[in-house]
Amino acid sequence: MKSRPNILWISLEDTSPRFGCYGDEVARTPNIDRLAAAGCIYPRAFSVAGVCAPSRSAIITGMYPTSIGTHHMRTTHTVDPNRPLPYSACPPPHVKCFTEYLRGADYYCTNNAKTDYQFTPPFTAWDELGTNAHWRNRPQGTPFFAVFNPTMTHESGMWEEKHVDQPPRTDVAAVELPPYLPDTEPCRRALAHHYDNLEEADGRVGELLDQLDADGLAENTIVILWSDHGEGLPRAKRWPYDAGIRIPLIVRWPGRVDPGSIDERLVSLIDLGPTMLSITGSLRPQHLQGQPFLGPDAEPRQYIFATRDRHDEFYDRVRAVRDQRYKYLRHYHPEQPYLPWNPYRNRHPVMQEMWRLYRQDALEGAQRLLFDSPRPPEELYDTQADPFEMINLADDPAYRRVLARLRGALDEWQTDVGDLGDMAEEEMVYRWWPQGVQPQTAMVGFVPFAAQSAGLELSRGGSFDGPCRLQLHCPTQGASMTYTFDAGQNVRWRLYTGPIELPRGTTTVRARAVRIGYLDSTESEGDFTVRSSDPGAVG
């Protein structure tokens, strides 16, 4: 019987599919292209938000950000003293990082090293989290799930101050800007730098693929490359237009996915976690809102959904739904401009150029779309005829039925997920953190089951005749627990999934617990002595 597959994720940042394998003639991505040649490209793959943290929260939990309160961008550091920040989002108690289910199925899970989930990553999510995390550190014979996050393609990589006296290697005249951006030298130079950064990320992809080959693991490892959302250009990042949410998705699965294939099905990044659980035979809870797109449990999608809420300093609320062809956007604040104040976004050289041309009244045609005011309450696009989403069909009678269908799909989805965009952020946060104080996970208690102990009381230790199994208990609803028999700091904490068989002799057990959004528990410790292992001693 073939062993369970290993899984390698390569997670890029702020990247639309500007790769050679997607037909981009400017791109220099030989390693990504060879990955695609050995696997499958998904041209209709989308993120659930056009910005990283809400998107990554959906990926790690399999839940929509608007359903679990992770939809406002930047919760874990202060960007404005008038906001209820910083805070770690507190999803409902049943929500876990999906990697816990993989760990529960004995996968060794590593992340090198980006998280950005809108909540502090619980220590139960990963066996290793950090810049040294690697599948090579796993116990021998253990299947792995490893994530690597090359960060060089981030939006900020296009800023001019990062390239002082460093002209782009990419031919500035060769890059092609979308028609809603000015075709000027500063804009071209910024995009050329992005191509350079993509080339650098491609080199990192090559290193990881070569390491798999060197370890003899390529044939039994599923490799999945994706980006957290679309590229960091105006009207792309932070927006649910296709430029902001359409992402590259490439899957190499030897023997299961045809080399050089293209799959036109709709895929949402929220589907990644449920897919991993499905193809590894791990526990897959029914509350997950994503669905498998690979393997025997794969389900077709009719729609993908995307959202926009607070981004740093400013609040907004936009909801979007897309099928294979049409895209519908609903603006809850059409009275607001498309470009409210956002100093981070305004640092981008393309945004600076747009503001300069706007002041001079020199923007032309579609270049003025981001400066239209007021916004239309609704937008509808035929992405086949209008891939840059520039011709709004919402008021066109010929598309009335399409508009009604997508309105209904969005309404139904918002009801199904319980869209928390209806609630003020302050109200949501103070429900989680009463009086603004973060709750703490309760300590773990030990419950021994032995001949003279029927599990009626918590214990901090004891001596037992015959075999003894130790159950862990945490009274905090939704808490996950880990334990170790090791001393010191550099130990491997095991995820608790059921009673622990204690060995003969004295064992020191350490345990701790955490619920997402809560402070970690205080560590518990107990000494347990098993004097014999008579199998008849425990009923």
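Bear in mind these aren't lab numbers, they're just calculated from the coordinates by the rules spelled out. If you're wondering where the values come from, they're calculated on a predicted model, not measured in any experiment. All Cβ positions, even for glycine, are placed from backbone atoms using ideal geometry, and neighbour counts span all protein chains on display.
Counting beta carbons within 10 Å around each of M481, M390, M354 and listing the fewest first gives the order M390, M481, M354. In the chain, helical runs assigned H by DSSP with n ≥ 4 each contribute -39500 (n - 2.57); averaged across all residues and rounded to the nearest 500, the mean residue ellipticity at 222 nm is -6000 deg cm²/dmol. Per-residue extension of 0.36 nm, minus the Cα-Cα distance of W493 and Q286, leaves a gain of 71.8 nm for this segment.
The residue among C90, A218, S47 whose Cα reaches farthest toward the positive pole of the charge dipole of the chain, with charges on the beta-carbon of Lys, Arg, Asp and Glu, is C90. Selection among G466, Y358, A105 by position relative to the dipole of the chain gives G466 as farthest towards the positive end (Cβ unit charges, Cα centre). Each of E523, E378 was scored by other Cβ atoms within 10 Å of its Cβ. Listed from fewest to most, they are E523, E378.
With K and R counted +1 and D and E -1, the other residues having a Cβ less than 9 Å from that of R56 yield a net charge of -1. Using a simple spin-label model with pseudo-atoms 7 Å out from Cα toward Cβ, S532 and W341 lie 7.8 nm apart.
Helix 52-61 and the long axis of the chain differ in direction by around 40°, with both axes built from C-alpha atoms.
Mind jotting down the distance between the C-alpha centroids of the stretch 389-439 and the stretch 112-189, whole Å? The stretch 112-189 and the stretch 389-439 have Cα centres spaced 29 Å from each other. Taking the Cα centre of the chain as reference, the dipole from Cβ charges on Lys and Arg (+1) and Asp and Glu (-1) amounts to some 1100 debye.
Any chance you could list the semi-axes, whole Å, largest first, of the equivalent ellipsoid that the Cα gyration tensor gives for the chain, using √(5λ)?
Details: eigenvalues 406, 142, 93 Å².
Here the semi-axes work out to 45, 27, 22 Å.
Remark: spin-label model distance D486-F371 equals 6.0 nm, labels positioned 7 Å along the Cα→Cβ axis. Counting every other Cβ atom within 10 Å of each residue's Cβ, F528, F98 order from fewest to most as F528, F98.
With K and R counted +1 and D and E -1, the other residues having a Cβ less than 13 Å from that of D297 yield a net charge of -1. Computed from the Cβ-Cβ distance with R0 of 60 Å, the FRET efficiency linking T506 to R169 stands at 0.40.
Were the residues from D416 through D361 laid out at 0.36 nm apart, the gain over their Cα-Cα distance would be 15.3 nm.
Rounded to the nearest 10 degrees, the angle from helix 185-214 to the longest Cα principal axis of the chain is 30 degrees. Got a sec? Which residues in the stretch 382-398 would a label at L177 touch, if it sits 7 Å along Cα→Cβ and we count backbone N under 20 Å? Counting only backbone N, you get 387-391. Applying 0.36 nm per residue to the separation of S156 and Q140 and subtracting their alpha-carbon distance, the gain on full extension is 1.8 nm.
Please name whichever of A424, T61, A37 sits farthest to the positive end of the charge dipole of the chain, dipole taken about the Cα centre and charges placed at Cβ: Lys and Arg +1, Asp and Glu -1. Positive-most Cα among the choices belongs to T61. Axis of helix 400-417 versus longest Cα principal axis of the chain: the two differ by about 20°, to the nearest ten degrees. Simple spin-label estimate for Y315 and L458 gives 4.0 nm between the two label positions (7 Å along the Cα-to-Cβ direction from each Cα).
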